[in-house]
Amino acid sequence: MTDAAPNGLPEEDIRAAMRAMSGYIDITPEDFREIYELAHEHAIKRLFAKMDVPHLMRRDLSALRPDQSLTEAAEQMALMHAHTLPVVDESGLVLGDVSEWNFLRGYGADTFFSLVFRLMAHDERFITYCERTTVAEVMTRPAVTLPEHGTFADIVSAFHRVEEKRLPVVDANNRIIGVVMRRDFLESFHWDQWL
């Protein structure tokens, strides 16, 4: 069995890399491993340095109020081209979130097209439902949020837990201070530098 460092670099790979280098270097495999580990750590820090909440957060405080009707919420979400918005109280405390799914679920539909099929005849029942139902009645609780100083791992974990395209960023008191967009997060990878 070949010895490997905790990061998985086997001794045979170290020796192969040293043999492949042009010229002569006077270091041991242990020295080479240490250089590699330091270079690897530096590269990871450099590549992910700006992929944390403080760097990706937009100071977009657009949110829904719990007392808004679904009609008002739908208008606001449409104007913002938002699939999800947080629901906050008057002090900015994040209470939950409302997404397209909350509208669908409230009307017994599980996809947008199943809802369209039901509404093709301008269903009065749906209009009444939206006008009389408040955001508080349908929102998902608790909202998945990101901490103000969240890391790359926090962002990845949050986006894995929910389908939302934007996640509210909150301070230590759970008050909204911004939002991280899935699109911004993915664009921060700079794939052109990796390929």
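The values are calculated or read from the model by the stated rules, or taken from the named source; none is laboratory data. Since the structure is predicted, the reported quantities are computational estimates derived from the model, not experimental observations. Here Cβ is always computed from backbone atoms with ideal geometry, including for glycine, and neighbour counts include all displayed protein chains. What goes into the accessible areas is simple: the full protein's heavy atoms, side chains included, and nothing from ligands, DNA or RNA. Shrake-Rupley method; radii C 1.70, N 1.55, O 1.52, S 1.80 Å.
Can you give the calculated 222 nm mean residue ellipticity of the chain, where each DSSP H run of n ≥ 4 adds -39,500 (n - 2.57) and the sum is split over every residue, rounded to the nearest 500 deg cm²/dmol?
When only DSSP H runs of four or more count, the value is -13000 deg cm²/dmol.
Just to check, using Stokes-Einstein with a Kirkwood Rh over alpha carbon pairs, what's the diffusion coefficient of the range 93-173 at 20 °C and 1.002 mPa s in µm²/s?
Diffusion coefficient, whole number: 147 µm²/s.
Could you rank Leu146, Leu47 by how accessible they are, 1.4 Å probe, largest area first?
Leu47, Leu146
Quick one: putting +1 on the C-beta of Lys and Arg, -1 on the C-beta of Asp and Glu, what dipole do you get for the chain around its Cα centre, in Debye to the nearest 20? Before the final figure, lay out each step's value.
On the way: 20 positive and 32 negative charges, 108 e Å.
Charge dipole of the chain: 520 debye, to the nearest 20.
So for His81, His55, what's the accessible-area order with a 1.4 Å probe, most first?
The most accessible residue leads, giving His81, His55.
Compute, for Leu95, the solvent-accessible surface of its heavy atoms (probe 1.4 Å) with the complete set of protein chains present, and express it in square angstrom to the nearest 10.
60
Carbon and sulfur: what percent of the range 121-182's accessible surface (1.4 Å probe)?
Working: 1840 of 3560 Å².
Of the solvent-accessible surface of the range 121-182, carbon and sulfur hold 52 percent.
Taking every eigenvalue of the Cα gyration tensor of the range 26-100, multiplying by 5 and rooting it, what semi-axes result, largest first, whole Å?
Computed over the range 26-100, the values are 49, 12, 9 Å.
When every alpha-carbon pair in the chain is counted, what percent end up more than 20 Å apart? Intermediate values should be presented prior to the final figure.
On the way: 12466 of 18915 pairs.
Beyond 20 Å sits 66 percent of the P(r) for the chain.
So what is the accessible area of the range 124-195 per residue, in Å², with the probe set to 1.4 Å?
Per-residue accessible area for the range 124-195 comes out at 62 Å².
When Lys and Arg each count +1 and Asp and Glu each count -1, what net charge do the other residues less than 12 Å away from Leu93, Cβ to Cβ, add up to? Don't jump to the answer; show the numbers that get you there.
Numbers: positive: Arg65, Arg175; negative: Asp89, Glu90, Asp171.
Value of the local net charge: -1.
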